[in-house]
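Everything below concerns the one structure shown next.
Where a number appears in this text, it was derived from the coordinates with a stated rule and is not lab data. These figures come from a predicted structure and were not determined experimentally. When we count neighbours, we look across all protein chains shown, and the Cβ atoms used for this are built from the backbone with ideal geometry, even at glycine.
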Ligand code: DGJ
């Protein structure tokens, strides 16, 4: 009796032993250390470990998992709060933790509390069991007596040991999106950020990779990826101080976005998705592709995408009943499955014949389309084609009935005269306003009511936030605009998806301006770029594929000379480049000559045959166009490695240009594969129909005859 009383007393008096929280995916581990009254620590992130002692015996990172400003605050922090009494310091310590199983993942929630204030943060991690991705985010709770202000509220933090670490990021502009930049992480600060307000992927993108073993390689070396699932302004910073670690903090860009939380309110930060691989950048890409496809990070990610013709580069704004029907005939005769009418079909008081009016007036322009959109929907159906239509629902023009009726719906401070965009008249609607959210929902809903068989919507966005300010938000909450715009957009998209889960929607923003995982859970695909020049697409698509799966990448064969660059490129090369994503066309099929029509018809059929490998297979990028050899190659392979499609391109021409041997990747080394050329023009290469082992193909490679500029080959591999 006495003894057990003593024992109990000892247990109660003992502090909680430090607890290891193992956040595991099939091949990776994030190790956290929790101890009551102490901050939460991250000890390790990397290849999956079999025992915790392995980490502690070898080394340990020992960095705070969600550092807050105010105590030990010399280093970069993820959270910065002004408490109700004006105190700017926060000290978060472990309180409790919980685990919750989901269908494809386990969620670990570690609750931290300020040592003295009624202020809590749940640091959450979602570890997937079907891919090697771990998402982290936080739920910030104000239980204090009065409002508090979040001055910085990043999604997460990750330390890396210093060494020869390099960062790979994407930078671009309209028509030249997603160009890859690689640089070593040196002392000081590396940062990518965005302040566009509406389209956060035009210039910098909220995705980076950190290669830990020297200069980034495609298929070797330890690499960590970080992807922020947010459509608004972002900031990703790597701070390199001292000699021990690089510290990554990523989240919503706090600039001009102080966020007030009233008593009892919470703020949930967007997910930051980490992926680790020791198979180089390609390994990280494949993890993100899998994560997106299998977990709805791209809407309906496992559904095969249809081959379409989009009217934009064919007729631009000059849509007509007859013109649309002719294009439908064209795409049908090539074997296409879907026709999409782009910009130019709407406007009553103001006619959308020039791009300076009518956005917001989503009624058919009966001068151009006297029988209305339903007649076009029927015309498509009668040809066995699916029907799609273009909208730009978050926008208006000063020349529009919508703006005349609701001048206070635009993003702009009431005291200011708005700066305008495209056509000298374009304005952006204020998605923080619930009335605007209803209107935008109504644009889609009305289309679906009028033409219920609409299969596809192209959702465009061609302006950004230029005039900071909101008619809707209170004077005290103007600084919520950059965030509330995107929370409002998300809410609207959730409403659309709840009602129309099967509608295919393309995310377009002057091309690839909105290629981000904040929006992709609501969209099947995105328009990769307004630049459809096949040579330049090789670079843009290569960069985009670093983080996004091919099923989501809309890649269209367009006219030659190309409308953006004037470059003349043979149709075969244009098809071979477009076929690595969701194939489509962006031209008048009637402009193709007989030979080209025949080639296109066969290529469309070929694409249908290999579509599951391309859209659902695993991508191995091999020869990068950025390496300046003038060549590029990549391949897709099925999960069971039984079928693959290899693409080789030559996009430069010098006299006596060195021609590499083309190596394959990801094959079963012990298997034998039969090689067949697809989209073939001209004679057969010596390997045609031959059977070669996976080991030989990967280690020795093959010679591919690529003669002249814009030569390309597509090779199907089948395991025997
Ligand atoms: C920009 C898009 O990127 C184009 O594809 C096209 O839809 C135009 N807008 C239409 O205005």
Take 687, 345 and order them by how many other Cβ atoms sit within 10 Å, fewest up front.
-> 687, 345
Packing-ranked peptide list from 25-31, 66-72, 145-151, highest mean Cβ count within 10 angstrom first, is 25-31, 66-72, 145-151
Looks like the chain, by Cα gyration tensor root eigenvalues a ≥ b ≥ c and the a/c under 1.5 rounded cutoff (else prolate when a/b is bigger than b/c, oblate otherwise), is oblate
Cβ-derived FRET efficiency at R0 60 Å, residue 302 paired with residue 707, nearest 0.05 = 0.95
So if we plug the beta-carbon distance of residue 351 and residue 181 into 1/(1 + (r/R0)^6) with R0 = 41 Å, what FRET efficiency do we get, rounded to 0.05?
-> 0.40
Rounded to the nearest 0.05, what FRET efficiency do residue 699 and residue 213 have when you use their Cβ-Cβ distance and R0 = 22 Å?
-> 0.55
Between residue 27 and residue 601, how many nm apart are label points set 7 Å from Cα along the C-beta direction?
-> 4.4
Considering Cα pairs under 8 angstrom that are at least six residues apart, work out the relative contact order of segment 243-394 and quote it in whole percent.
-> 18
Value of relative contact order over the chain, rounded to a whole percent, pairs C-alpha under 8 Å and six or more apart | 10
Compute log10 of I(q)/I(0) for segment 124-185 with the Debye formula, placing one identical point scatterer on every Cα and leaving out solvent, at q = 0.14, 0.20, 0.30 Å⁻¹, to two decimals.
-> -0.81, -1.03, -1.14
Before rounding to the nearest 500, sum -39500 (n - 2.57) across all DSSP H runs of length at least 4 in the chain and divide by the residue total; then give [θ] at 222 nm in deg cm²/dmol.
-> -6500 deg cm²/dmol
In whole angstrom, how far apart do the alpha carbon centroids of segment 228-260 and segment 651-705 sit?
-> 44
If each of residue 371 and residue 680 carries a label point 7 Å out from its Cα toward its Cβ, how far apart are those two points in nm?
-> 4.4
In whole angstrom, how far apart do the alpha carbon centroids of segment 378-399 and segment 272-301 sit?
-> 32
So what is the relative contact order for segment 621-719, in percent, with contacts set as C-alpha pairs under 8 Å and at least six apart?
-> 34
When DSSP assigns beta bridges and you keep just the ones with both residues in the chain, what percent turn out antiparallel, to the nearest 5?
-> 80
Gain in span if fully extended, residue 326 to residue 95, counting 0.36 nm per residue against the direct Cα distance | 76.5 nm
